[in-house]
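The values are calculated or read from the model by the stated rules, or taken from the named source; none is laboratory data. Fair warning: this is a prediction, and the values are worked out from it, not measured in the lab. Positions of Cβ are generated from backbone atoms using ideal geometry, with glycine treated the same way; all protein chains shown enter the neighbour counts. Calculation scope for accessible area: heavy atoms of the full protein, side chains included, ligands and nucleic acids excluded. Shrake-Rupley method; radii C 1.70, N 1.55, O 1.52, S 1.80 Å.
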Amino acid sequence: MTVYTPDFSFEAAATQRGYSRIVGVDEVGRGPLAGPVVAAAVWLDPNQIPDGMNDSKKLTAKRREALYDQILAVSDVSIGSCSVEEIDEINILQASLRAMERAVAGLKTQSDYVLVDGNKIPAAFGLSAEAIIKGDARSLSISAASIVAKTWRDRLMVDLAQQYPGYGWEKNAGYGTKLHMDGLAKFGVTPHHRRSFKPIHNML
């Protein structure tokens, strides 16, 4: 198994090809039964890259929170999301791509090259782009985007958990854990549940 450490080589290669504003994009929340899918787009200042960035799944929540603040302080950052209604309407893959498009479109300065985590490039970027498998562990810009997206979405799910207690969203971020499934059995489906997802669909 290859162990990656994110670096700036993809960004540097794009710079050498003549691009000047290279951003990383990642999304989080494709698997949960509840809540939106969230994407972040991040342009890192090459002279102010926070230390210790990695795939958000490899970092503790405390470390992510600290990096989140550092990234926002020195980078151009934009969040894009797709609601539960949109997920149910266009499916989770299309919703993930749309959230990425919104994140890139929301940056203060327009980018000219996008590094995307995964194997699909949203058609509506209208920009030169490159899909990188395991990009959040290989590119610092994508790593930053993964940290921002996950921290932002986790915070949102903590807020929603206060409005809809009993599902454990503050702990499971909307994923189908035992606590979440027990909550569904006991309290039923909320407006924040994805009705197109099988466990919810079957309950309805």
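The table for this structure:
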quantity: Which of M53, A145, G106, positive extreme of dipole for the stretch 30-151 (C-beta unit charges); calculated: M53
quantity: Mean residue ellipticity (222 nm) of the chain, computed from DSSP H runs ≥ 4 via -39,500 (n - 2.57), nearest 500; calculated: -13000 deg cm²/dmol
quantity: Nitroxide proxy distance, nm - points 7 Å out along Cα→Cβ at D182 and D45; calculated: 4.8 nm
quantity: Carbon and sulfur %, accessible surface of the stretch 165-204 computed with the full protein complex present, 1.4 Å; calculated: 61 percent
quantity: Label corresponding to percent of Cα pairs over 30 Å apart when calculated from the structure given, among (i) 22; (ii) 26; (iii) 49; calculated: (i)
quantity: Within a Gaussian network of the chain (alpha carbon springs, distance under 10 Å), most fluctuating of K134, K178, K150; calculated: K178
quantity: Degrees separating the helix 140-163 axis from the principal Cα axis of the chain, which is the longest one; calculated: 20 degrees
quantity: Relative contact order %, the chain, counting alpha carbon pairs below 8 Å whose residues are six or more apart; calculated: 29 percent
quantity: Within the chain: Cβ-based charge dipole about Cα centre, in debye rounded to nearest 20 (Lys, Arg +1; Asp, Glu -1); calculated: 540 debye
quantity: Nonlocal amide H pairs with Y113, under 5 Å, H built at 1.01 Å; calculated: R21, V23
quantity: Degrees, to the nearest 10: 178-187 long Cα axis against longest axis of the chain; calculated: 50 degrees
quantity: Antiparallel bridges, percent of DSSP beta bridges restricted to the chain (to nearest 5); calculated: 55 percent
